[in-house]
1. Please compute the volume of the convex hull spanned by the alpha-carbon atoms of the range 10-85 and report it per residue in Å³.
2. What does the extension gain come out to for residue 28 and residue 51, with contour length at 0.36 nm per residue minus their alpha carbon separation?
3. Would you mind calculating the relative contact order of the range 10-85 from Cα pairs under 8 angstrom and at least 6 residues apart, reporting the percent as a whole number?
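Derivation of every value follows stated rules applied to the coordinates shown; laboratory data play no part. This structure is a prediction, so every number in the text was calculated from the model and none was measured.
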């Protein structure tokens, strides 16, 4: 039997504040093209997308809209994420 591993283009995982650079390196090595850092204290989401050999980060807050390249025609407002958490 042959085992085939398939890498997902995205990941959802809790980040420890002391390891974001380690995670970034691991995700790049695994071919993760997009990940989000959700910061409940600052009520912001950092969207990290792989562009031309490196991650580009976009910090979003409040009524900003998050759109994912991974899930077409899908959007979320940052405040909605934190409203559900309360």
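1. It is 95 Å³ per residue.
2. This chain segment gains 7.2 nm when fully extended.
3. Details: 93 pairs, mean separation 15.2, N = 76.
Dividing the mean separation by the residue count of the range 10-85 yields 20 percent.
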